[in-house]
Amino acid sequence: MILAYMEVREGKIKKSSLEALSEAKRRADDLGEALEAVFLGKDLDGLAEGAYKYGASKVYLLENPLLESYSSSLYALVLADFINEIKPKAVFFSATAMGKDLSPRLAAKLDVGAATDCIKTSVNNSVLEIARPIYAGKAFASFQFSSEPWVVSLRPNVFPLIEPLSEKGEAVKKEVEASQDQVKDQVVEEKREEGAELDVTEADIVVSGGRGMKGPENFGLLRDLIALLPNAALGSSRSAVDAGWVDHQHQVGQTGKTVSPDLYIAVGISGAIQHLAGISSSKFIVAINKDPEASIFKVADFGVVGDLFKVIPPLKKELEKFKE
Ligand SMILES: Cc1cc2nc3c(=O)[nH]c(=O)nc-3n(C[C@H](O)[C@H](O)[C@H](O)COP(=O)(O)OP(=O)(O)OC[C@H]3O[C@@H](n4cnc5c(N)ncnc54)[C@H](O)[C@@H]3O)c2cc1C
């Protein structure tokens with residue numbers, strides 16, 4: 001059996017968990033294995049339906065009041081005990097902040113390997129093979145596991161959802177044992193910024209600005225474009241963040257966020273390797289830069305060589321026509 005770990009935010013399954021479940025479904029079909037899903041938390045009623053839709057035939061709802069907010073130590077412990085009991089062949093996570101934290105902890109507790117932030121999975125001779133970027137995205141490495149269960153986390157926004165199914169499955173609700181002394185750490189509060197913009201990791205389109213933007217006031221040009229595009233977010237290079245022009249939450253790259261949008265537009269960004277590390281799984285890259293030799297053009301599908309202050313205004317005008 002293949003198991004997918006489901007993450008819930010504000011009472012809803014995260015889209016990236018549905019992507020992980022969809023990919024787990026494809027691999028479970030290849031392997032001739034059943035697909036099951038597991039939720040951890042408090043009051044998980046009503047969530048199983050969402051997992052059936054994306055292929056889970058059985059859903060485990062592991063509840064305890066202590067699981068209400070995320071705790072690395074307790075979640076890893078509860079999940080490891082549960083996995084030792086049901087013995088899945090593989091456990092799929094989404095490589096969100098929680099998935100990146102929980103999957104290696106779980107693997108360590110089970111004494112097996114973990115492959116994190118994977119961008120491709122396949123089945124070869126009945127064995128799961130995965131690919132993940134290495135050397136800051138300069139190369140891709142393929143791995144196979146030598147021990148079970150195979151613990152994998154999948155980069156969000158890379159794997160397509162399957163067509164929702166209408167079948168229902170079986171829900172198994174369990175009150176798991178947990179005690180306060182097993183909680184070594186816990187999320188005590190989640191603060192959402194007032195008027196928070198869409199996060200770059202969740203956007204279908206990312207428009208990023210770099211040092212070529214010349215100053216914080218010019219980021220308004222990019223925000224105007226974003227307002228005209230569906231599900232778009234503002235990104236930036238580290239130089240723009242270090243200069244104090246935009247907040248660190250927008251930084252894309254090795255020490256920023258990894259994005260996989262359908263469209264990435266790099267404006268006034270040279271394309272340093274540390275920036276490219278965060279955009280290599282974007283589906284389509286457009287670069288606007290006045291230097292024809294800029295490295296960003298080596299990875300761009302489409303490039304405009306020109307002064308961004310002359311390119312953006314007519315681009316905005318064209319986009320406005322679509323809005324009319
Ligand atoms: C350990 C480490 C980690 C790092 N992590 C990251 C990271 O996570 N993310 C990241 O981005 N960087 C990171 N960096 C920094 C990285 O090496 C680069 O310094 C940075 O990405 C450069 O930002 P930039 O492209 O905005 O600036 P620059 O390299 O200065 O490029 C500016 C570009 O704008 C163009 N330009 C200027 N004016 C205009 C105009 N009017 N119209 C059009 N184009 C114009 C120029 O031709 C140039 O190509 C890291 C570095 C290190 C050492």
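Here the sum of -39500 (n - 2.57) over DSSP H runs of 4 or more residues, divided by the residues of the chain, equals -8500 deg cm²/dmol at 222 nm, to the nearest 500. Within the same chain, aspartates and glutamates fewer than 8 places from Lys184 are excluded, and of the rest, none has a Cα less than 14 Å from its Cα. Note that the chain shows a convex hull volume over its alpha carbon atoms of 152 Å³ per residue.
Over all distinct Cα-Cα pairs of segment 2-182, the Kirkwood formula returns a hydrodynamic radius of 16.3 Å. Modelled label positions at Ser179 and Thr255, each set 7 Å beyond Cα in the direction of Cβ, lie 4.4 nm from each other.
Taking Cα atoms only, the orientation of helix 97-110 departs from the longest principal axis of the chain by about 40 degrees. Of the peptides 237-247, 207-217, the ranking by mean beta-carbon count within 10 Å, highest at the top, reads 207-217, 237-247.
Across segment 177-324, the volume of the C-alpha convex hull divided among the residues equals 154 Å³ per residue.
For Lys317, the aspartates and glutamates whose Cα comes closer than 14 Å to its Cα, not counting residues fewer than 8 places off in the same chain, are Asp224. The distance linking segment 116-136 with segment 224-294 is 26 Å (Cα centroid to Cα centroid, whole angstrom).
Rounded to the nearest 10 degrees, the inclination of helix 15-31 to the longest alpha-carbon principal axis of the chain is 60 degrees. As a proxy for reagent exposure, ranking Ser72, Ser179, Ser153 by other Cβ atoms within 10 Å from fewest up yields Ser179, Ser72, Ser153. Most tightly packed first, judged by the mean number of other beta-carbon atoms within 10 Å of their residues, the peptides 271-281, 140-150, 166-176 read 271-281, 140-150, 166-176.
Here segment 146-204 and segment 18-61 have alpha carbon centers that stand 12 Å from each other.
Remark: the chain carries a charge dipole of roughly 940 debye about the Cα centre, counting +1 on each Lys and Arg Cβ and -1 on each Asp and Glu Cβ. If R0 is 45 Å, the Cβ-Cβ spacing of Glu189 and Asp242 corresponds to a FRET efficiency of close to 0.95. Could you tell me whether segment 220-294 comes out rounded, prolate or oblate from its Cα gyration tensor? Rule is a ≥ b ≥ c as square roots of the eigenvalues, rounded for a/c under 1.5, then prolate if a/b exceeds b/c, otherwise oblate. Judged from the Cα gyration tensor, segment 220-294 comes out rounded (a/c under 1.5).
Identify, among Ala203, Leu161, Phe219, the residue whose Cα sits farthest towards the positive end of the charge dipole of the chain, taking +1 on the Cβ of Lys and Arg and -1 on the Cβ of Asp and Glu, with the dipole about the Cα centre. So the residue furthest toward the plus end is Phe219. Charged side chains reduced to their Cβ positions (Lys and Arg at +1, Asp and Glu at -1) give segment 200-323 a dipole of some 140 debye around its Cα centre. In the structure shown, do any of Lys290/Lys316; Lys109/Lys191; Lys53/Lys100; Lys15/Lys174; Lys14/Lys87; Lys120/Lys257 have a Cα-Cα gap over 21 Å, and if so which? Exceeds cut-off: Lys109/Lys191; Lys53/Lys100; Lys15/Lys174; Lys14/Lys87.
Rule-based calculations on the coordinates, nothing more; no lab input. Computed from a prediction, not measured in an experiment: that's the story for all the values here. Neighbour counts run over all protein chains shown; Cβ positions are idealised from the backbone, glycine included.
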